[in-house]
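Engineer: Right, I'll just put the structure down here and ask away after.
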Amino acid sequence: ITVVNVSNRKLYLELRDPVKADEIAVSAFTMIVTTENETVRLQPIYADFGVGNFGSTIWLAFGSSVMKDSVQSITLLYDGEVGNLVDVLNNAPCGSFQTSFIYQPFEEEET
């Protein structure tokens with residue numbers, strides 16, 4: 001699992017195995033960001049599929065740009081009980097998973 005932010009509000013999640021869903025249940029994803037003052041839990045406002053180098057890529061967009069204020073690694077959680085992703089290779093629902101990443105700033109982006 002690889003996660004990389006592509007802006008202050010968007011990131012992509014690359015999964016080793018291909019996954020499918022009619023529509024991604026955004027409520028299954030939670031991003032946890034720790035800033036100097038607080039820990040914020042966010043759910044994406046939008047999700048979409050892409051083609052990854054190995055499996056599937058899921059693009060997630062958030063309604064807040066708090067990622068840029070992170071003071072440590074950011075955690076992304078997927079709740080398999082809530083989510084509807086299906087592992088194509090095993091034809092089975094994806095279980096819960098989590099991964100962390102470090103925010104990379106983008107100078108050209110408007111905040």
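The values are calculated or read from the model by the stated rules, or taken from the named source; none is laboratory data. Treat the numbers as computed from the prediction; the structure is a model and nothing was measured. Glycine gets a Cβ as well: all are built from the backbone with ideal geometry, and neighbour counts include every protein chain shown. SASA here: full protein model, heavy atoms, side chains in, ligands and nucleic acids out. Shrake-Rupley method; radii C 1.70, N 1.55, O 1.52, S 1.80 Å.
Engineer: Counting only residues that are modelled with pLDDT of 95 or more and over 12 Å from the mean Cα position of the chain (by Cα), give me the strands (runs of 3 or more DSSP E) lying completely in the range 1-105 with at least 1 of them.
Structural biologist: The qualifying strands (runs of 3 or more DSSP E) are 29-34, 39-42.
Engineer: Across the range 20-48, what is the number of residues that are open to solvent by 70 Å² or more (accessible area, probe 1.4 Å) and either hydrophobic (A, V, I, L, M, F, W, C) or touching an Asp or Glu at 6+ places or on another chain (Cβ under 9 Å) (or both)?
Structural biologist: Within the range 20-48, residues that are open to solvent by 70 Å² or more (accessible area, probe 1.4 Å) and either hydrophobic (A, V, I, L, M, F, W, C) or touching an Asp or Glu at 6+ places or on another chain (Cβ under 9 Å) (or both) number 4.
Engineer: Among the residues of the range 74-89, how many are open to solvent by 100 Å² or more (accessible area, probe 1.4 Å) and touching a residue at least 60 places away in the same chain (Cβ under 8 Å)?
Structural biologist: The total comes to 1.
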